[in-house]
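Trainee: Below are the C-alpha cells for one structure; questions will follow.
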Amino acid sequence: MKKFAPLPHGLRRKGGTPSRRYVLRGLAGSAVVLASPAVLAKQPAQVVVVGGGFAGATAARTLALSDEIAVTLIEPQAQYTACPLSNAVVGGFRELKAQQFGYDAFPKSQIKVIPQRAISVDVAARRLRLENGTEITYDRLILAPGIELRFDALKGYSEKAAETLPHAWKAGEQTLLLRRQLEAMSNGGVVVMSVPANPYRCPPGPYERASLIAHYLKAKKPRSKLIVLDAKDSFSKQKLFEAAWQELYPGLIEWVPLSSGGQVVEVDAATKTLITDFGKHKAAVANIIPPQSAGQFAHIAGVADNTGWCPVDPITFESRLQPNIHVIGDAIIAGGMPKSAFSANSQAKVCASAVMQLLRGETPLGQKLINTCYSLVAPDYGISIAGVFEPRNGLLTEVAGGVSPAAKPRDFRAQEARYAQEWFETLTHAVYG
C-alpha cells in the first residue's frame with residue numbers, strides 16, 4: 001500500500017530549487033491506510049463526498065481503495081474546469097477544453113457519482129439532502145466546497161457587474177470572457193487588474209495572470225499597458241516575478257501596492273472605472289478579482305466560522321464546528337499551507353486516510369503534506385515554489401520549502417515551463433483518469 005514518501009535530507013537542491021522529482025512524487029504518494037475486513041463492520045461504511053474538484057475527486061478516489069467503504073460523490077456539474085494553467089487561456093495560447101475533465105473514468109463499482117447539488121445537511125441524523133429531494137445518510141461526510149466570490153465585499157461589484165468586469169477566478173466562461181475582451185481591445189488600451197488581500201485561492205495566480213496578459217499585449221497590442229492594483233504590499237514569488245517582468249515586459253506592467261494606493265474600494269461597471277482612496281483608474285479592460293470565502297455549502301453546513309473560512313483539525317481535517325464532517329481544499333483555514341490544487345490533492349489523501357482510521361476506531365497520526373505551485377511568466381518561462389507542511393499547534397506549518405533560484409538562464413526557465421505542463425498532466429491524470 002502507498003504511503004507518503006519519506007522526507008529527503010533537504011527539500012532544496014543546490015541553489016535552493018525544490019526537487020522536481022520529489023514534488024511530482026508527492027502526486028502519487030498518499031497516507032492511505034486500507035481498511036481491514038476484520039475491523040470494519042460487515043456492512044460497508046457510508047462516506048459521502050461533496051464537490052468534484054481536485055480535493056473532492058481525490059478524496060473519493062482514495063477512499064475507493066478500500067473495499068469496506070461505500071463512496072458517493074455529489075457533484076452537479078458534468079465537467080470540472082481546472083484553474084491551474086487557465087491563465088494561459090486568458091493569454092491566448094491555450095484552449096479552455098484542455099482544462100476540462102469529467103468523471104467517466106471513475107470506477108463505477110467503487111464510486112457512485114450523483115449529478116445533483118447538495119442543499120442541506122442534518123448533522124445530528126448524519127443525513128444529506130439533495131436538490132431533487134433525495135436524502136443520503138452517511139457515517140462520515142467530506143466537504144470540498146471550494147470558494148465563494150464575495151460580491152458584497154467590493155462596492156459596485158456584483159454578479160451582473162462581472163459580465164462587464166470579469167473576475168475569471170472560477171475557470172470557465174469568465175475565463176473566455178476576459179480573453180475575448182483583451183482580443184477586442186484597441187491597441188493602446190489600458191488593462192487594469194484588482195487583486196484582493198489575503199487569503200484567496202492561488203496566491204501567485206494574479207501575478208501569473210498579469211504576466212500572461214502582458215505577454216499577449218507585447219505581441220498583439222504593444223502600445224497598451226497593464227496596471228495591477230493590489231491590496232497587499234508583497235506577494236508570492238515577488239522577486240522572481242518582478243525580475244521576469246523587467247526582463248520580458250519592461251515598462252508594460254505597473255504594480256501599485258497597498259501602501260501606494262493599490263487597494264480598490266469601489267468599481268463603476270458602467271464606465272469600467274476602478275476607484276481607490278488615492279484616485280480613479282479608467283480601463284479599456286478591467287479584471288476584478290474580488291475577496292473570497294469558503295464555498296456556499298460550507299456556510300449551509302455550519303462548518304464556516306465568522307472569518308468566512310472553515311476551521312479544521314489539521315490531522316484529520318474534521319470540522320472544529322460540526323462532528324463527523326471533514327472539510328478539505330480551498331475552503332479551510334490551513335495555517336501556512338496555501339490554497340492551491342496541489343494542497344487540495346495532498347489534504348484529500350490525508351483526510352481520506354484519517355477517515356479510514358476513524359471508521360476502524362483508530363486514532364490518526366499527523367502526516368506531512370506537500371504543496372508545489374508552478375507559474376508561467378511566458379509560454380516558455382516558468383517559476384515555482386514548493387513546501388512541506390505538518391500539523392503544529394492546531395494548524396499546518398511549513399517545515400521545508402524553496403523557490404526557483406534567481407539569475408538563471410532562459411533554458412532553465414523554459415525547463416520549468418515544461419515541468420508546469422508535466423505537473424498538470426500528472427495531477428489531472430491521477431485525479432480524473
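The values are calculated or read from the model by the stated rules, or taken from the named source; none is laboratory data. Just so you know, these numbers come straight off a predicted model, no measurement behind them. Reconstructed Cβ throughout: ideal geometry from the backbone, glycine too, with neighbour counts over all protein chains shown.
Trainee: Among the residues of segment 183-195 satisfying the criterion of being out of contact with any strand residue (DSSP E or B) (no Cβ under 7 Å at 6 or more places or on another chain) and of a type outside the set (Gly, Ala, Ser), which is farthest from Ile332 (Cα to Cα)? Outline the logic, then answer.
Mentor: Quick first cut of segment 183-195, residues out of contact with any strand residue (DSSP E or B) (no Cβ under 7 Å at 6 or more places or on another chain) only: 183-184, 186-188.
Applying the additional criterion that residues be of a type outside the set (Gly, Ala, Ser) yields 183, 187.
Numbers: Glu183: 36, Asn187: 42 Å.
Among them, the one singled out is Asn187.
Trainee: Being crowded, with 20+ Cβ neighbours inside 10 Å, assigned to a helix (DSSP H, G or I) and outside the structural domain of His299 (by TED's automatic domain parsing) is the filter here, so list the residues in segment 61-119 that pass it.
Mentor: Answer for segment 61-119, where residues must be crowded, with 20+ Cβ neighbours inside 10 Å, assigned to a helix (DSSP H, G or I) and outside the structural domain of His299 (by TED's automatic domain parsing): Ser86, Asn87, Ala88, Val89, Val90, Gln99.
Trainee: Identify, please: which residue in segment 250-276 is charged (D, E, K, R) and touching a strand residue (DSSP E or B) at 6+ places or on another chain (Cβ under 6 Å) and is, among those, nearest to Ile213 (Cα to Cα)?
Mentor: To start, the set of residues in segment 250-276 that are charged (D, E, K, R) comprises 254, 266, 268, 272.
From what's left, touching a strand residue (DSSP E or B) at 6+ places or on another chain (Cβ under 6 Å): 254, 266, 272.
On the way: Glu254: 13, Glu266: 23, Lys272: 18 Å.
For segment 250-276, the residue satisfying everything is Glu254.
Trainee: Considering His299, His326, His281, which residue is touching a helix residue (DSSP H, G or I) at 6+ places or on another chain (Cβ under 9 Å), at pLDDT 95 or above and of a type outside the set (A, V, I, L, M, F, W, C)?
Mentor: The conditions single out His326.
Trainee: Starting from segment 175-195, keep only residues that are within 16 Å of Ala210 (Cβ to Cβ), then list their pairs with residues that are of a type in the set (Gly, Ala, Ser) and surrounded by fewer than 18 Cβ atoms within 10 Å (Cβ to Cβ) whose Cβ atoms are within a distance under 6 Å, requiring at least 6 positions of separation or different chains.
Mentor: Met185/Ala284; Gly189/Ala284; Val190/Ala284
Trainee: Could you go through segment 375-382 and let me know if any residue there is out of contact with any helix residue (DSSP H, G or I) (no Cβ under 9 Å at 6 or more places or on another chain), surrounded by fewer than 20 Cβ atoms within 10 Å (Cβ to Cβ) and not in a strand (DSSP E or B). Write out each step before concluding.
Mentor: From segment 375-382, those out of contact with any helix residue (DSSP H, G or I) (no Cβ under 9 Å at 6 or more places or on another chain) are none; that's our starting set.
No, there is no match, as no residue in segment 375-382 is out of contact with any helix residue (DSSP H, G or I) (no Cβ under 9 Å at 6 or more places or on another chain), surrounded by fewer than 20 Cβ atoms within 10 Å (Cβ to Cβ) and not in a strand (DSSP E or B).
Trainee: Collect the residues in segment 380-433 that are within 30 Å of Pro107 (Cβ to Cβ) and modelled with pLDDT under 95, keeping them in residue-number order.
Mentor: Listed by number, the list holds a single entry, Gly433.
Trainee: Continuing with the same structure: Can you tell me which residues in segment 150-173 are closer than 21 Å to Leu212 by Cβ and either under 20 Å from the mean Cα position of the chain (by Cα) or surrounded by fewer than 17 Cβ atoms within 10 Å (Cβ to Cβ) (or both)? Spell out how you get there, then give the answer.
Mentor: Filtering segment 150-173 down to residues closer than 21 Å to Leu212 by Cβ leaves 162, 165-173.
Selection gives Pro166, His167, Ala168, Trp169, Lys170, Ala171, Gly172, Glu173.
Trainee: Filter segment 265-278 down to the residues that are in contact with a helix residue (DSSP H, G or I) (Cβ under 8 Å, 6 or more places away or on another chain) and either more than 19 Å from Val228 (Cβ to Cβ) or surrounded by fewer than 17 Cβ atoms within 10 Å (Cβ to Cβ) (or both) and list them by number.
Mentor: Within segment 265-278, the subset in contact with a helix residue (DSSP H, G or I) (Cβ under 8 Å, 6 or more places away or on another chain) is 267, 269, 278.
The answer is Ala269, Phe278.
Trainee: Another question, then. With Asp104, Asp152, Asp139 as the choices, which residue is of a type outside the set (S, T, N, Q) and modelled with pLDDT under 95?
Mentor: Working: Asp104 fails: modelled with pLDDT under 95; Asp139 fails: modelled with pLDDT under 95.
Checking each option against the conditions leaves just Asp152.
Trainee: When you look at Ile136, is it of a type in the set (Val, Ile, Thr), touching a residue at least 40 places away in the same chain (Cβ under 8 Å) and buried (at least 18 other Cβ atoms within 10 Å of the Cβ), yes or no? So that I can check it myself, show each step before the final result.
Mentor: Values: of a type in the set (Val, Ile, Thr): yes; touching a residue at least 40 places away in the same chain (Cβ under 8 Å): yes; buried (at least 18 other Cβ atoms within 10 Å of the Cβ): yes.
Taking the combined requirement at face value, the residue satisfies it.
Trainee: Any idea which residue in segment 262-302 is nearest to Gln181 (Cα to Cα), counting only those that are in contact with a Gly (Cβ under 7 Å, 6 or more places away or on another chain) and free of Cβ contacts under 8 Å to residues at least 24 places away in the same chain?
Mentor: Initially, segment 262-302 is screened for residues in contact with a Gly (Cβ under 7 Å, 6 or more places away or on another chain), giving 266-269, 276-279, 284-285, 293-295.
From what is left, the residues that are free of Cβ contacts under 8 Å to residues at least 24 places away in the same chain are 277-279.
Working: Asp277: 27, Phe278: 27, Gly279: 24 Å.
My answer is Gly279.
Trainee: Could you check how many residues of segment 342-374 are touching a residue at least 60 places away in the same chain (Cβ under 8 Å), closer than 26 Å to Leu240 by Cα and not in a strand (DSSP E or B)?
Mentor: 4
Trainee: Here's a follow-up. All but one of (1) more than 21 Å from Cys83 (Cα to Cα); (2) buried (at least 21 other Cβ atoms within 10 Å of the Cβ); (3) in contact with a Pro (Cβ under 8 Å, 6 or more places away or on another chain) hold for Met193; which doesn't?
Mentor: The single condition Met193 does not satisfy is (1).
Trainee: Report whether or not Arg223 is touching a strand residue (DSSP E or B) at 6+ places or on another chain (Cβ under 6 Å) and surrounded by fewer than 23 Cβ atoms within 10 Å (Cβ to Cβ).
Mentor: Numbers: touching a strand residue (DSSP E or B) at 6+ places or on another chain (Cβ under 6 Å): no; surrounded by fewer than 23 Cβ atoms within 10 Å (Cβ to Cβ): yes.
No; evaluated as a whole, the condition is false for this residue.
Trainee: Hey, does segment 271-288 have a residue that's within 23 Å of the chain's Cα centre (by Cα) and small (Gly, Ala, Ser)?
Mentor: Within segment 271-288, the subset within 23 Å of the chain's Cα centre (by Cα) is 286-288.
Filter once more, keeping what is small (Gly, Ala, Ser): 286.
Checked against the condition, which is being within 23 Å of the chain's Cα centre (by Cα) and small (Gly, Ala, Ser), segment 271-288 yields at least one hit.
Trainee: Being more than 23 Å from Pro204 (Cα to Cα), among the hydrophobic types (A, V, I, L, M, F, W, C), in the same structural domain as Trp309 (by TED's automatic domain parsing) and buried (at least 16 other Cβ atoms within 10 Å of the Cβ): is that true of Leu358 here? I'd like the intermediate steps shown before the answer.
Mentor: Values: more than 23 Å from Pro204 (Cα to Cα): yes; among the hydrophobic types (A, V, I, L, M, F, W, C): yes; in the same structural domain as Trp309 (by TED's automatic domain parsing): yes; buried (at least 16 other Cβ atoms within 10 Å of the Cβ): yes.
Yes.
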